[in-house]
Amino acid sequence: MDAEDKRGQDVEMREEEEEGEEPIDDVDDSDAEDDEDDGDEDEADDGDGDGDGDGEEGPSRAFLPGSQVLEEGEELSMDERAYVLYHQAHLGPPCLSFDLIDGDGQGAEQFPLTVFGVAGSQAAKASGNSIIAFKMFNLHPIKHKSDEDGDDDDEDEEEEDDPSREPKLKVASIRHNGAVNRVRCKTLGTTALAAAWGENGAVGIYGLNGCLQKLEQPMGGSKQKKKNQKEALDWHRESTPPIFQFRGHLTEGFALAWSPTVPGAFASGDCSKNIHLWKPTEDASWSVDQRPLVGHTDSVEDVQWSPNEENVLASCSVDRTVRVWDSRARPDRACMITVEGAHSSDVNVIDWNRNEPFLVSGGDDGRMKVWDLRRIQASAEPVAAFRHHSGPVTSVEWHHSDATVLASSGADDQIALWDLAIEKDEEAAEGQAASDRELKDLPPQLLFIHQGMQDVKEIHWHRQIPGLVVSTSHSGFDVFKTISV
């Protein structure tokens, strides 16, 4: 397991400086003051474990959060050998929910990579919030050093300092009244849409085409100097009303989901236990059933449509249950399966496996559980359960093509990658060196631990770039691909 705290390959994404684009540091829509990049705090750590100080350093070792404590004088550093790619970005105000937008698919896996997404801000001022479309591009892989590269160190350093290899970031935003609790995107035909759950109790559907078009436009450079960074940011911000808005929820909420099988079908759940189903209409709008689904007795934390059955969706709640619904039935009879006491406390997140009849859930108890929908009615026991996170599980997501791989994040500042197909090798465990005995209690399915973020909120696998993970936290966005997946 490889841990990192000082962020190797830690760079601010910048816009193109030449050919009509200016570099920017942090993008902040929340207030009028210019932010300056603090280069000291964001210095890249070479992660090679050699150290340049005069003091003698001991050998490097893997750090296991929760089971080890740093001794005086020790610090965590990233082992770049465990990563294929790693970059960071900041959009200014905290963006604790986001979703990824598919590109055209052509050359998506070729370096340098490009990632499109949409995020919702949670700025302190209600008027400072936005729905932010972003484009991270020119994402190059980490250049790993080998023992044979000793004579080429100077050449490697010059390549790392090459401005043409700097990662870039462009944004275009839509003003949003109040903080955005959760955002989910969907492309219907040629229209890109973002659904946003607001702290004001409304769910709005916003068109993103205008913002995405701006992401492809150059930003005036040497021939068109901007007075200051704030003017450049204002140029990106629109005051576009939502295409559709629903205010029928009794309070704010977090649960949002587009159907992957029925274009335009949608579901939203609130903190007052209610889930409302949305159906698209012929006039490019939505009809929302005013009758909520009946079943949950407390806040609905997440809702997810089945990836294979168009009338089936699942939800989880603070009432500690996981429920499966049939959208064709009357709202008071739609609950077909209830897993009572799925977790010992709040159930925060769920996700459907796209290839197998499995549902994964994560709770405040720090546990992640896998449910087999073929057996769930006969037995309320999960087919697998893991306790790795030392805080609430905040996000879970299955890999889009590998049916046994999934990712989880927690309030313990960790992202864990798992492969459920791996079984414990008893012979290998018996032959472990004494120094590795502390590894014996780790589940064999745990592939990788990524650290260095503060209070991770959401993670997503990229649908078109296998193995690429994007996450958001109070400290910003991480984009990484490991050697493990």
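The values are calculated or read from the model by the stated rules, or taken from the named source; none is laboratory data. Quick caveat, the model's predicted, so the values are computed rather than measured. All Cβ positions, glycine included, derive from the backbone under ideal geometry; neighbour counts span all protein chains shown. Surface areas here come from the heavy atoms of the whole protein model, side chains and all, with no ligands, DNA or RNA. Shrake-Rupley method; radii C 1.70, N 1.55, O 1.52, S 1.80 Å.
Quick one: would you say residue 439 is at pLDDT 75 or above, surrounded by 16 or more Cβ atoms within 10 Å (Cβ to Cβ) and either touching a Leu at 6+ places or on another chain (Cβ under 8 Å) or of a type in the set (Phe, Trp, Tyr) (or both)? Give the steps one after another, and end with the answer.
Numbers: at pLDDT 75 or above: no; surrounded by 16 or more Cβ atoms within 10 Å (Cβ to Cβ): yes; either touching a Leu at 6+ places or on another chain (Cβ under 8 Å) or of a type in the set (Phe, Trp, Tyr) (or both): yes.
Answer is no for this residue.
Return the residues of region 365-379 that are within 21 Å of the chain's Cα centre (by Cα) and either open to solvent by 60 Å² or more (accessible area, probe 1.4 Å) or at pLDDT below 95 (or both); say none if nothing qualifies.
Residues of region 365-379 within 21 Å of the chain's Cα centre (by Cα): 365-370.
Passing the criteria: only 367.
What is the number of the single condition among (1) in a loop (DSSP other than H, G, I, E, B); (2) farther than 20 Å from residue 64 by Cβ; (3) at pLDDT below 95 that residue 485 does not meet?
Of everything listed in (1) in a loop (DSSP other than H, G, I, E, B); (2) farther than 20 Å from residue 64 by Cβ; (3) at pLDDT below 95, residue 485 misses just condition (2).
In region 451-475, which residues are surrounded by 21 or more Cβ atoms within 10 Å (Cβ to Cβ), within 21 Å of residue 112 (Cβ to Cβ) and of a type outside the set (A, V, I, L, M)?
Scanning region 451-475 gives 461, 462, 471.
Residue 273 versus (1) modelled with pLDDT under 95; (2) on the phi > 0 side of the Ramachandran plot: which is the lone unmet condition?
In the conditions (1) modelled with pLDDT under 95; (2) on the phi > 0 side of the Ramachandran plot, residue 273 misses (1) alone.
Return the total of residues in region 77-113 being within 22 Å of residue 195 (Cα to Cα) and among the small types (Gly, Ala, Ser).
Summing the residues that are within 22 Å of residue 195 (Cα to Cα) and among the small types (Gly, Ala, Ser) in region 77-113 gives 3.
Taking region 381-398 as the search range and keeping residues that are part of a loop (DSSP other than H, G, I, E, B) and open to solvent by 20 Å² or more (accessible area, probe 1.4 Å), which one is nearest to residue 364 (Cα to Cα)? Give the steps one after another, and end with the answer.
First, the residues of region 381-398 that are part of a loop (DSSP other than H, G, I, E, B): 381-383, 388-392.
Add one more test, that the residue is open to solvent by 20 Å² or more (accessible area, probe 1.4 Å), and what stays is 381-383, 388, 390, 392.
On the way: 381: 18, 382: 17, 383: 19, 388: 12, 390: 10, 392: 4 Å.
The selected residue is 392.
Residues to consider are 352, 398, 418; find the one that is touching a residue at least 24 places away in the same chain (Cβ under 8 Å) and touching a Lys or Arg at 6+ places or on another chain (Cβ under 9 Å).
Working: 352 fails: touching a Lys or Arg at 6+ places or on another chain (Cβ under 9 Å); 418 fails: touching a Lys or Arg at 6+ places or on another chain (Cβ under 9 Å).
One residue alone meets the criteria, 398.
Residue pairs, Cβ under 7 Å, 6 or more apart or interchain, first in region 447-458 and modelled with pLDDT under 95, second basic (Lys, Arg) and in a loop (DSSP other than H, G, I, E, B). List them.
Note: pairs meeting the criteria are 452/7.
Take residue 231 and tell me if it is at pLDDT 50 or above and of a type outside the set (A, V, I, L, M, F, W, C).
Working: at pLDDT 50 or above: no; of a type outside the set (A, V, I, L, M, F, W, C): yes.
Judged against the criteria, residue 231 is not a match.
Whether any residue in region 243-259 is modelled with pLDDT under 95 and assigned to a helix (DSSP H, G or I) is what I want to check. Write out each step before concluding.
From region 243-259, those modelled with pLDDT under 95 are 250; that's our starting set.
From what is left, the residues that are assigned to a helix (DSSP H, G or I) are none.
Among the residues of region 243-259, not one is modelled with pLDDT under 95 and assigned to a helix (DSSP H, G or I), which makes the answer no.
Against the definition (in contact (Cβ under 8 Å) with a residue 12 or more places away in the chain, farther than 25 Å from residue 335 by Cα and surrounded by 14 or more Cβ atoms within 10 Å (Cβ to Cβ)), how does residue 238 come out, yes or no? Outline the logic, then answer.
Working: in contact (Cβ under 8 Å) with a residue 12 or more places away in the chain: yes; farther than 25 Å from residue 335 by Cα: yes; surrounded by 14 or more Cβ atoms within 10 Å (Cβ to Cβ): yes.
Criteria met by residue 238.
Assess whether residue 379 counts as being among the hydroxyl-bearing types (Ser, Thr, Tyr) and in contact (Cβ under 8 Å) with a residue 24 or more places away in the chain. Break it down into steps so the answer makes sense when it comes.
Numbers: among the hydroxyl-bearing types (Ser, Thr, Tyr): yes; in contact (Cβ under 8 Å) with a residue 24 or more places away in the chain: no.
No: the conditions fail for residue 379.
Hey, residue 337 hits all of (1) assigned to a strand (DSSP E or B); (2) of a type in the set (Val, Ile, Thr); (3) within 26 Å of the chain's Cα centre (by Cα) but one; which does it fall short on?
The single condition residue 337 does not satisfy is (3).
Restricting attention to region 260-285, and to residues there that are open to solvent by less than 20 Å² (accessible area, probe 1.4 Å) and in a strand (DSSP E or B), which single residue is farthest from residue 308 (Cα to Cα)?
Filtering region 260-285 for residues that are open to solvent by less than 20 Å² (accessible area, probe 1.4 Å) and in a strand (DSSP E or B), the one farthest from residue 308 (Cα to Cα) comes out as 270.
Across region 286-323, which residue is least open to solvent (accessible area, probe 1.4 Å) among those that are in contact with a His (Cβ under 7 Å, 6 or more places away or on another chain) and more than 23 Å from residue 370 (Cβ to Cβ)?
For region 286-323, the residue satisfying everything is 288.
Among the residues in region 284-305, are any farther than 30 Å from residue 68 by Cβ and modelled with pLDDT under 95? Even if it seems obvious, please write down each step before you answer.
Restricting attention to region 284-305, the residues satisfying the condition of being farther than 30 Å from residue 68 by Cβ are 284-305.
Adding the requirement that they be modelled with pLDDT under 95 leaves 284.
Yes.
Report, by residue number, each residue of region 248-279 that is of a type in the set (Gly, Ala, Ser) and closer than 23 Å to residue 397 by Cα. Step through it out loud before you land on a result.
Pass one, region 248-279, residues of a type in the set (Gly, Ala, Ser): 248, 253, 255, 257, 259, 264-265, 267-269, 272.
Result: 253, 255, 257, 259, 264, 265, 267, 268, 269.
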